[in-house]
Amino acid sequence: MFASLGDYTPAEVIHLMVDRQEEEFSRRGLLFRGLWGRRLHAIDCQGLFCETDKYCRQAMPELRSARKRIKARFSPSCNAIELFFPPKWGLNEKLSSKRLPAGRPL
């Protein structure tokens, strides 16, 4: 995602992303409401970087990454997605058995 992290460690970049998320979404004109009011946490941002890396390695194999192998291939499904989050987040109650059609963003 970055040509260089400069003097930052990967962990520092993740925490910077967490700290600046509202400013950066706003600066880019992106409407992000969070996960039912829950801001992105460091583990969420780490996951975003991980998934972006996997996507980029598949879409542009000529790019270099510290990773070599993609463990699983994506298989689209027409089945509805049943959402479940770690219970300590307190989001499952807010979902009240809502289901999203496959492919629909949160």
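The values are calculated or read from the model by the stated rules, or taken from the named source; none is laboratory data. Remember, it's a predicted structure, so these values are computed and weren't measured experimentally. In this analysis, Cβ positions are derived from the backbone assuming ideal geometry, glycine residues included, and neighbour counts consider all displayed protein chains. These accessible areas exclude ligands, DNA and RNA; they are computed on the full protein's heavy atoms, side chains included. Shrake-Rupley method; radii C 1.70, N 1.55, O 1.52, S 1.80 Å.
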Can you name the residue in region 1-18 that is within 24 Å of ARG57 (Cβ to Cβ) and assigned to a loop (DSSP other than H, G, I, E, B) and is also modelled with the lowest pLDDT among such residues? MET1
Given the criterion surrounded by 11 or more Cβ atoms within 10 Å (Cβ to Cβ) and modelled with pLDDT under 80, identify the matching residue among LYS68, LYS54, LYS94. LYS94
Every residue in region 19-38 that is part of a loop (DSSP other than H, G, I, E, B) and exposed (fewer than 12 other Cβ atoms within 10 Å of the Cβ), please. ARG28, GLY29, LEU30, LEU31, ARG33, GLY37
Taking the criterion of being in a strand (DSSP E or B) and modelled with pLDDT of 75 or more, would at least one residue in region 82-89 satisfy it? yes
Which pairs turn up if I take residues in region 2-15 that are without any contact (Cβ under 8 Å) to a residue 40 or more places away in the chain and look for partners that are polar (S, T, N, Q) and open to solvent by 60 Å² or more (accessible area, probe 1.4 Å) with beta carbon separation below 7 Å, at least 6 apart in sequence or on another chain? ILE14/GLN46
Is it the case that LEU16 is open to solvent by less than 80 Å² (accessible area, probe 1.4 Å) and either of a type in the set (Gly, Ala, Ser) or under 12 Å from the mean Cα position of the chain (by Cα) (or both)? no
Is it true that ALA11 is open to solvent by less than 90 Å² (accessible area, probe 1.4 Å) and out of contact with any helix residue (DSSP H, G or I) (no Cβ under 7 Å at 6 or more places or on another chain)? yes
